[in-house]
Each structure stands twice: as structure tokens, then as C-alpha cells.
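Engineer: One structure follows; several queries about it will come next.
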Amino acid sequence: MQSLAYKLLTPGATVDIIAPAGGCAPESLIQIKTLLKNWQLTPRISPELLGEDLLCANTDENRFKQLQEALFNAESSAVWCVRGGYGCTRLIPELLKLKAPKANKLFIGFSDITTLHLFLQQQWHWQTLHGPSANQVAHDRIDATSIQEFKKLIFGELNQLAFSLVPLNTKHAIPIKAPITGGTLTLIQTSLGTPWQIDTKNKILFLEEVNESAYRVDRMLQHLQHSGILQNVKAILFGDFIAPQENKDSTLIQSVLARFANEQPVPVLHIPGIGHGKTNRSLPLGANTELNLDKKQLIITIRLNNHAKPL
């Protein structure tokens, strides 16, 4: 089934702010509201967004209730996650009981939100946006260029994105036309053996990670390899892999990625500036994507077929 392109935002559109994983300070919600109003958007935030829980922004019941309301409410045009953290996998069993709403909408987030991206892409056939969290943008925790590109993207001022790539092996079966799937490596590994296990067949797999040491990154990559999910992948893109602050092995992590790349029969490339760093560019998942060689430089271009269809 062909994936459904999300519709773009227009001034006055309602954006649901949700916290399906970790929470934030109540003061941050005020800043998020201000940001959206400055962008001429209408924020909608449940007064019960934040609550008491051992690990997450609220109880599983309340987080699922807010997620369901945001996904199904016909009055909102987008769902934007406050942050990542932990908790999305606890909501998937209930999501699997639901039928897809009549209309899809723009869904934004990254990190722990990877799990929801997988569900929405594979169960409901939505295209989604691997993009910065609302908390990041409201607090300027990523650079201005990333924020400006993100804003242009959601308002339809861009009809394609281009990324320069750094090859990590010599397998250049170019061009490649395939949608992108993926996200944070830990969450991709966690999906294995579940009803929402990542489907990589005839797709480009994107992976990024933060605060994991080199041996743990290698172990997770080996798990992906041994599970068989890489057998029919078209290419692999590594975003930013950021080592723990107290850990000095960022160079070792890059060596782990390089060794893994050389063991693969498909192109493996680095796509800088996507992940948990100060630069966090937006990456449309499930959209028409072409990996090509342009003027002796490897380029990946994502063409957006929703730019002419604002709500």
C-alpha cells in the first residue's frame, strides 16, 4: 500500500502538543505555546499532559488517552511531541487495537518517538517527520538553521530536501529510489520480535544514537545483522552517533560504524546533522527518496508530494 503524505500547515492550524514519553517542566509548555502562536498556529495542550509516573510524563492510561485524542481529532492538523525520553513502547499494545482515523496528519518527533513512527508508517501507512521536539525548538536547543528549515518544511515552503552524504564503504549501487525508515538505534533494536518490528524490505534504513558507548553500539548493530532485517535493505544511513559526555570513545564509535559498513553488501553512508546534536535537521520518513551521484558528490534527495495540498 502506498504511504499517505501528511498535509501541510497553514496559519491558524491547530497543533496538538503531546508527551507520549518523557515530560518537561510546566514552564516549558508556556514557551511552546508562545512559539506556536508566534508562528501563527493554535496550540492545544491538555491540562492533564503532565502527571505522576515512575518514569514517564504521566501514567500509561493518560498518555495513551492524549495520544489517541491527538491522532483522531479532526480539528487538529499536526501532532508534535514535547520530547523523547522513555515510554512510547508501553503505548503500542493499545494502539494496535485501533483502526486508523479517516484522515492522516503531520506527526513530528524523534528519539523515543521512533517507536510511534514505526507504528504509524507500518500499521496506518502514514508518512511522518523525524524532526526536532517541541521542547528543543521552544528553548533554541538546536541551531537556527535547523529550526528555519523545519518551519519551512511544515508550512510547505520546501518541496524537496537535499542532504550531502559521506560514503562509509565502496558499495555505490546508484541511483537508489526507496523510502526511508528508522530512527534511534536502541528503539529499532527494541522493535525486533514485536508486532511493530521495523520493516526494512526495499527501504533505506536510517539510524542515529546518543549516550551509548562503542561496544553497545556494536552489539546493537550485530543484533540487527543477525536478526535478518538487513537482508533486503537498499542502503543504510548513519546519522549522528554522540558518545556519552563522560566517555571519550567517540572516535571508537566512528570506527565501529566504519567496520560495520565494510561488512555490508549495500551502500552505507553518513548523513550529518540528524540526531541528538546541536544541529538536528528534519528527515521525512516514508516519502519519495532518491540517492544519487551529483557532480561527483553523493546526494540524497527527498521529494515531497504534499507541498501543493495545504489544509
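Quick note: the coordinates plus some simple rules give every number you see, no bench work behind them. This structure is a prediction, so every number in the text was calculated from the model and none was measured. When we count neighbours, we look across all protein chains shown, and the Cβ atoms used for this are built from the backbone with ideal geometry, even at glycine.
Engineer: Would you please name the GluC sites (Glu not before Pro) within segment 66-128 that are DSSP coil residues with at most 14 other C-beta atoms within 10 Å of their C-beta?
Structural biologist: Working: sites: Glu69, Glu75, Glu94; in loops: Glu75.
Passing both the DSSP loop test and the Cβ count: Glu75.
Engineer: Just need the relative contact order of segment 161-300 here, percent rounded to a whole number, with Cα pairs under 8 Å and 6+ apart.
Structural biologist: On the way: 264 pairs, mean separation 53.1, N = 140.
Normalised by residue count, the contact order of segment 161-300 is 38 percent.
Engineer: Given the options Ala5, Leu96, Leu237, identify the residue whose Cα lies farthest towards the positive end of the charge dipole of the chain (+1 on Cβ of Lys, Arg; -1 on Cβ of Asp, Glu).
Structural biologist: Ala5
Engineer: While we're looking at this one, here's another question. Distance cut-off 27 Å, Cα to Cα: go down the list Lys248/Lys278; Lys37/Lys65; Lys37/Lys99; Lys105/Lys151 and report the pairs above it. Walk me through the numbers on the way to the answer.
Structural biologist: Values: Lys248/Lys278 19 Å; Lys37/Lys65 25 Å; Lys37/Lys99 32 Å; Lys105/Lys151 16 Å.
Over 27 Å apart, Cα to Cα: Lys37/Lys99.
Engineer: Here is a follow-up. Across segment 185-199, in residue order, what do the Karplus-derived ³J(HN,Hα) couplings come to in whole Hz, using 6.51 cos²θ - 1.76 cosθ + 1.60 with θ = phi - 60° and x for Gly and Pro?
Structural biologist: 3, 4, 6, 5, 4, 4, 6, 4, x, 9, x, 10, 3, 4, 9
Engineer: Under the √(5λ) rule applied to the eigenvalues of the Cα gyration tensor, what semi-axes describe the equivalent ellipsoid of segment 161-300? Give them in Å, descending. Display every interim value, and only then the final one.
Structural biologist: Values: eigenvalues 92, 66, 44 Å².
Output for segment 161-300: semi-axes of 21, 18, 15 Å.
Engineer: Fewest to most neighbouring Cβ within 10 Å: what's the order for Trp126, Trp196, Trp80, Trp39? Write down the numbers at each step before the final one.
Structural biologist: Details: Trp126 23, Trp196 20, Trp80 26, Trp39 16.
The order, fewest Cβ neighbours first, is Trp39, Trp196, Trp126, Trp80.
Engineer: Can you compute the helix-only [θ] at 222 nm over the chain? Use -39500 (n - 2.57) per DSSP H run of at least 4 residues, normalise by all residues, nearest 500 deg cm²/dmol. Provide the component values of the computation, followed by the final result.
Structural biologist: On the way: 9 runs with 90 residues, N = 311.
Only helices count here, giving -8500 deg cm²/dmol.
Engineer: Under 27 Å from the Cα of Lys171, which lysines turn up, not counting those fewer than eight places away in the same chain?
Structural biologist: Once the sequence-local lysines are set aside, what remains near Lys171 is Lys201, Lys203, Lys234, Lys295, Lys296.
Engineer: Be a star and scan segment 150-179 for residues whose amide nitrogen sits under 11 Å from the point 7 Å along the Cα-to-Cβ vector of Thr301.
Structural biologist: Inside the label zone: 160-163.
Engineer: Kirkwood Rh, segment 94-167, all Cα pairs: how many Å? Before the final figure, lay out the partial values.
Structural biologist: Numbers: mean 1/r = 0.0705 Å⁻¹.
Answer for segment 94-167: a Kirkwood hydrodynamic radius of 14.2 Å.
Engineer: Multiply the residue gap between Asp294 and Gln160 by 0.36 nm, knock off their C-alpha separation, and tell me the result in nm, one decimal place. Intermediate results must be reported in sequence, preceding the final value.
Structural biologist: On the way: separation 134, 0.36 × 134 = 48.24 nm, distance 1.55 nm.
Answer, rounded to one decimal: 46.7 nm.
Engineer: Calculate the spin-label point distance for Ile30 paired with Leu98, positioning each point 7 Å from the Cα along the beta-carbon direction, and give it in nanometres.
Structural biologist: 3.1 nm
Engineer: Across bins of 10 angstrom width beginning at 0, how are the C-alpha pair distances of segment 14-158 distributed, in whole percent?
Structural biologist: Result returned by the calculation: 11, 46, 35, 7, 0.
Engineer: Moving to a separate point now. Pull up all non-local amide H partners of Ile180: gap of 5 or more, or a different chain, and H-to-H distance under 5 Å with H placed in the peptide plane.
Structural biologist: Correct list: Ile204, Gly286, Ala287.
Engineer: Take the eigenvalues of the Cα gyration tensor for the chain, scale each by 5, and report the square roots as semi-axes in whole Å, largest first. List each step's numbers first, then the result.
Structural biologist: On the way: eigenvalues 174, 95, 74 Å².
Computed over the chain, the values are 29, 22, 19 Å.
Engineer: Another question, if that's okay. Which far-off residues, 5 or more places away or on another chain, put their amide H under 5 Å from the one on Arg281, with H placed in the peptide plane?
Structural biologist: Ile274, Gly275
Engineer: Right, here's the next one. When N counts the residues of segment 8-54, how does its alpha-carbon radius of gyration compare numerically with 2.2 N^0.38 Å, as a ratio?
Structural biologist: On the way: Rg = 11.7 Å, N = 47, 2.2 N^0.38 = 9.5 Å.
So segment 8-54 has a normalised radius of gyration of 1.23.
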